[in-house]
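In what follows, a structure is listed as structure tokens, so that the remarks can point back to it.
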2 protein chains.
Amino acid sequence: MKVSTFTLKDAVFETAPDQADEIYTANLVDERHDASVTIGYGRYGPNSELTETMLVDYIMVVIEGATGTVGVGGIVHMPKGRRVTIRAFDEGATTAYVTYPHWREAR
Amino acid sequence: MKVSTFTLKDAVFETAPDQADEIYTANLVDERHDASVTIGYGRYGPNSELTETMLVDYIMVVIEGATGTVGVGGIVHMPKGRRVTIRAFDEGATTAYVTYPHWREAR
């Protein structure tokens with residue numbers, strides 16, 4: 001694998017599975033590549049909310065807006081097996097995420 | 001492990017090993033915890049430069065300033081085994097990072 005650099009312009013957002021609200025994922029690196037982790041961008045619409053039991057270790061960095069108690073630069077670590085709720089507010093939120101192992105394969 | 005939320009206020013920066021320039025790391029989650037990955041914040045002083053052969057998969061999200069070609073929200077994936085150079089400019093840079101496996105144990 002080579003060194004890869006990504007910006008939001010590289011994101012192709014898809015509807016997140018099993019979510020009623022406007023929540024989107026855009027994998028950049030995942031099981032299709034020879035990588036140990038999945039890397040991507042997430043987007044949370046205004047006042048959206050996601051509740052899920054984590055099937056992988058999930059690390060989220062807020063890069064626009066805010067989720068829960070953290071704004072830009074905040075990190076949330078959601079360990080495998082935990083039930084979590086992610087909430088966005090009026091402005092929504094954009095995140096960068098890393099999962100170990102690959103979240104799509106864990107479903 | 002429980003869900004953990006971090007902001008820059010939680011960072012305790014230490015000088016990065018083997019670097020001449022003003023480059024700092026602040027692990028938040030690592031081999032001391034029951035985690036699969038290391039999570040932390042990095043800080044790159046004005047015009048600092050780091051060149052290193054990666055001992056782990058290293059994912060960096062820019063949260064302040066810019067490194068190389070990416071500004072806030074940019075992601076750099078540095079796979080294990082690759083030789084990489086990270087450059088900051090006049091304003092320096094702050095990053096959030098995730099490594100798999102733990103970078104301190106890999107040294």
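Brief remarks follow.
- Unique match (being more than 7 Å from chain B (Cβ to nearest Cβ) and modelled with pLDDT under 95) among A:ARG83, A:ARG43, A:ARG87, A:ARG104: A:ARG104
- Residue within the range A:6-16 that is open to solvent by less than 60 Å² (accessible area, probe 1.4 Å), closer than 26 Å to B:HIS102 by Cα, of a type outside the set (Val, Ile, Thr) and touching a residue at least 12 places away in the same chain (Cβ under 8 Å) present: yes
- Of all the criteria given as (1) in contact with a Ser or Thr (Cβ under 7 Å, 6 or more places away or on another chain); (2) closer than 16 Å to A:HIS77 by Cα, the one not satisfied by B:ILE59 is (1).
- Exactly one residue among B:ARG104, B:ARG82 is under 20 Å from A:HIS77 (Cβ atoms) and open to solvent by 60 Å² or more (accessible area, probe 1.4 Å), and that residue is B:ARG104.
- Some residue of the range A:18-36 being within 25 Å of B:ASP10 (Cβ to Cβ) and surrounded by 15 or more Cβ atoms within 10 Å (Cβ to Cβ): no
- Scanning the range A:46-57 for residues that are open to solvent by less than 30 Å² (accessible area, probe 1.4 Å) and either outside any loop (DSSP other than H, G, I, E, B) or within 10 Å of chain B (Cβ to nearest Cβ) (or both) yields A:LEU50, A:MET54, A:VAL56, A:ASP57.
- B:ALA96 open to solvent by less than 30 Å² (accessible area, probe 1.4 Å), modelled with pLDDT of 95 or more and facing chain A (nearest Cβ under 9 Å): yes
The values are calculated or read from the model by the stated rules, or taken from the named source; none is laboratory data. On a predicted model such as this, the values are computed, not experimentally measured, just so you know. Every residue, glycine as well, gets a Cβ built from its backbone with ideal geometry; the counts of neighbours run over all protein chains shown. Accessible surface areas use protein heavy atoms only, side chains included; no ligands, DNA or RNA. Shrake-Rupley method; radii C 1.70, N 1.55, O 1.52, S 1.80 Å.
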